[in-house]
Amino acid sequence: MNCLKLASFLIMIIFLTKTTHSLRCYDCTDCKSNMTLNSISNCSANSSCAGIIFSKNGYKTNIALCLPSDYSNATNEQVGKLLAKSFGTIDNTIKVQNKRCCNTDLCVEYTDLNTYYYENNIFTTTFWMWVYLISILFPSECFDLSNDTKHQQQQQLDERNMYNQDIQRIEDVLANLIR
């Protein structure tokens with residue numbers, strides 16, 4: 001009877017270990033835009049997937065990896081120190097610009113890693129913020145150039161008409177001379 005309980009217990013343990021699923025994350029530095037072409041790692045327990053944009057000695061790049069869950073809420077500076085340690089370099093050569101942590105399989109996307117997208121997104125947001133502020137500080141009537149523009153267009157039209165009239169007079173004079 002005890003052998004039967006022991007066998008049942010061992011089968012249950014084997015079944016549970018086989019069905020336990022570890023988190024799968026992309027594992028790459030300078031990751032390819034088609035994320036399926038990057039390598040994949042099975043993370044250890046208490047890990048998250050992370051996508052990080054950083055610069056090393058001024059060179060911008062990215063990395064996707066399994067990161068200890070303790071670092072999910074860490075500051076960019078703390079993550080930079082961890083990266084510097086893993087690269088075997090001093091702390092101040094690594095500057096983290098952006099990080100995203102997630103807890104589902106292959107959850108890091110290329111937009112989390114795309115240094116161009118990240119920089120342009122910041123630029124675009126800043127640009128539109130300034131446009132908005134200027135539009136509040138200077139109401140639209142300050143920039144209404146429609147009257148000036150209409151006046152310039154009318155002046156150009158008048159000049160063109162005068163030019164055409166002059167050409168017509170010259171043609172008339174020439175026609176009279178030839179006759």
Exercise. For segment 21-37, state whether one or more residues are of a type in the set (A, V, I, L, M), modelled with pLDDT under 90 and surrounded by 18 or more Cβ atoms within 10 Å (Cβ to Cβ).
Key: yes
Practice problem: Report, by residue number, each residue of segment 90-112 that is assigned to a helix (DSSP H, G or I) and in contact (Cβ under 8 Å) with a residue 24 or more places away in the chain. | Solution: Thr93, Tyr110, Asp112
Exercise. Name every residue in segment 38-50 that is surrounded by fewer than 20 Cβ atoms within 10 Å (Cβ to Cβ), farther than 12 Å from Ala64 by Cβ and touching a strand residue (DSSP E or B) at 6+ places or on another chain (Cβ under 9 Å), in order of residue number.
Key: Asn42, Ser44, Asn46
Quiz item: Here are some residues: Ser86, Ser41. Which one is hydroxyl-bearing (Ser, Thr, Tyr) and part of a helix (DSSP H, G or I)?
Solution: Ser86
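The values are calculated or read from the model by the stated rules, or taken from the named source; none is laboratory data. Predicted model, so just to flag it, every value in this text is computed and none were measured. No Cβ is skipped: glycine too gets one built from the backbone with ideal geometry, and neighbour counts run over all protein chains shown.
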